[in-house]
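One structure is given below, encoded as structure tokens.
The values are calculated or read from the model by the stated rules, or taken from the named source; none is laboratory data. Keep in mind it's a predicted model, so treat the numbers as computed, not measured. In this analysis, Cβ positions are derived from the backbone assuming ideal geometry, glycine residues included, and neighbour counts consider all displayed protein chains. Surface areas here come from the heavy atoms of the whole protein model, side chains and all, with no ligands, DNA or RNA. Shrake-Rupley method; radii C 1.70, N 1.55, O 1.52, S 1.80 Å.
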Amino acid sequence: MNHRCALLAMMVSFVTALTMTDTAFGETVYVAAKTAQMRSGKTSLDPVVASLKLGETLEVVKRDNRWLQVQTTKGVTGWIYSSNVSASKPAGGDNELAALGRSFRRTDASSVTASAGARGLDKASEGYANRSGITQQQRDAVDRMTAYKISDEEIQAFLKSGRLGEYAE
Amino acid sequence: MQNKSCRGLIVFGLVLLSTGSLTGCLEIQQVAENAARGSGNERLAKTIHGGGNLIGGLLPIGYEEEQTIGQAIALQVIARYGGVYDQPNLTRYVNLVGRSVALTCDRADIEYRFAVLNHDSINAFAAPAGYIFVTRGLLKTIRNEAELATVLGHEIGHVTQKHILDIIQRSKQIAGVAEAGLAFANKNPDAFKNVIDGAVKKLLDEGLDQSKELESDRLGVIFASRVGYDPTAYVTFLDRLRTIKGDDQAFFKTHPNFSNRLSVVQSTIREQGLQATGILLADRFSRSSNGTL
Ligand SMILES: [Zn+2]
């Protein structure tokens, strides 16, 4: 086995270790929303006790209609709206094969300029624009789209005013 | 994510690995497969085994690459469909509805961004990495926010299922060059252009496979329903399109006929037990789009 093969074997073990499912006792659910609020009671009027992130592990204490009483790994207990959790861990980011593939393909690290929410087209799409007669105005439009921000608070306020999600009657 | 530093290490290691020449692919594939099996990940081992040529092109496209591809396709969609309709309040409203639906979709970890195209046709498109477009003509046909939410849910479904990436991955062009990465795109700009143009042709001219469209129809009502929108709004909307255009000359030229779609959507609502919540939000829709369409 040569050097590179040994390295690859190491990599695969790492990736595998990362994607192992957590062992859990009782019923485990995962935060399935990009962000979700944990509240002190089972209505959207109850105060928020914690802000939870996508993929966080929660132990179910009990269920009541469309709300679940849950405990975080840090021991915080509260209620979460059922649409915000799922029984299976959401796939976050690239899966292990995509990560392997990306890394194999990336032989020129300097070519990577794109990042989520960053302003500006990346080098390859800029190159595509140059070869395809894309106008500056059209480039700016994609640029603005890429950078377009709406805060979590604004989305929550929008849901609330529409009585959507956990703000349903 | 909590594993960021570990992940960084892996990527670093793999970058090191890939700086050598890529000979002995088969050997590497065997090692990767054995390593995966040895550490108890039989599923990964099987995937590597089934991959044939492990290196480069046949591995799934990662998010970073997806963004590059998404941007390039988005440029072409905007160029071909009249440019982005510059109405800040309308853009914001469409983004609020779209992001509300995306919040609990099956791929909630990436950014979704929505724009209105200044075009009279009734169309909607999704490019990889969450670049989603609806035409002004489509918005004119819509009656309430729940209809918009299900339409955007359909487009989000194309992104969660990576439908365009799947087409790119299967294309002979990619298999031929064996690499689709950013380095490849920068070093072979003409080949990258061919790949993107091929995907754009499929998206805008030929249309995706019927099975992909029906899958997105199912996901559209499921995602919108998770937020509380009434999923039957999508039935009303598809039915309206069928009335306007009929089944023969598909109005969404890139989509299967409406009767087929309607029956798939209705059975999804039934089988998944999606609640007819009555939340349509017609007022908010007309207030938000009022005078701008
Ligand atoms: Zn579609």
Worksheet item: Do you know which of the residues in the range B:120-145 that are more than 16 Å from the ligand (Cβ to nearest atom) and closer than 18 Å to B:Gln87 by Cβ is nearest to the other protein chains (Cβ to nearest Cβ)?
Response: B:Glu145
Item to complete: Give the residues of the range B:153-166 that are touching a residue at least 60 places away in the same chain (Cβ under 8 Å) and either over 16 Å from B:Pro60 (Cα atoms) or touching a Ser or Thr at 6+ places or on another chain (Cβ under 8 Å) (or both), sorted by residue number.
Response: B:Gly153, B:His154, B:Glu155, B:Ile156, B:Gly157
Discussion item. Which condition from (1) in contact with a strand residue (DSSP E or B) (Cβ under 9 Å, 6 or more places away or on another chain); (2) more than 10 Å from chain A (Cβ to nearest Cβ) is the one that B:Ala74 breaks?
Written reply: (2)
Discussion item. Name the single residue that is most open to solvent (accessible area, probe 1.4 Å) among those in the range A:44-57 being in a strand (DSSP E or B) and in contact with an Asp or Glu (Cβ under 9 Å, 6 or more places away or on another chain).
Written reply: A:Ser51
Worksheet item: Which ranges mark the strands (runs of 3 or more DSSP E) fully within the range B:96-174 that have 2 or more residues being hydroxyl-bearing (Ser, Thr, Tyr)?
Response: B:131-135
Worksheet item: Could you give every pair whose Cβ atoms fall below 9 Å, whose first residue belongs to the range A:127-142 and is in a helix (DSSP H, G or I), and whose second residue is open to solvent by 20 Å² or more (accessible area, probe 1.4 Å) and of a type in the set (Ser, Thr, Tyr), counting only separations of at least 6 or pairs across chains?
Response: A:Ala129/A:Thr135
Discussion item. Tally up the residues in the range B:253-293 that are in contact (Cβ under 8 Å) with a residue 40 or more places away in the chain, exposed (fewer than 13 other Cβ atoms within 10 Å of the Cβ) and within 23 Å of the chain's Cα centre (by Cα), please.
Written reply: 0
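Whether any residue in the range B:128-137 is at pLDDT 90 or above, open to solvent by 10 Å² or more (accessible area, probe 1.4 Å), in the same structural domain as B:Glu111 (by TED's automatic domain parsing) and under 22 Å from B:Gln266 (Cβ atoms) is what I want to check.
no
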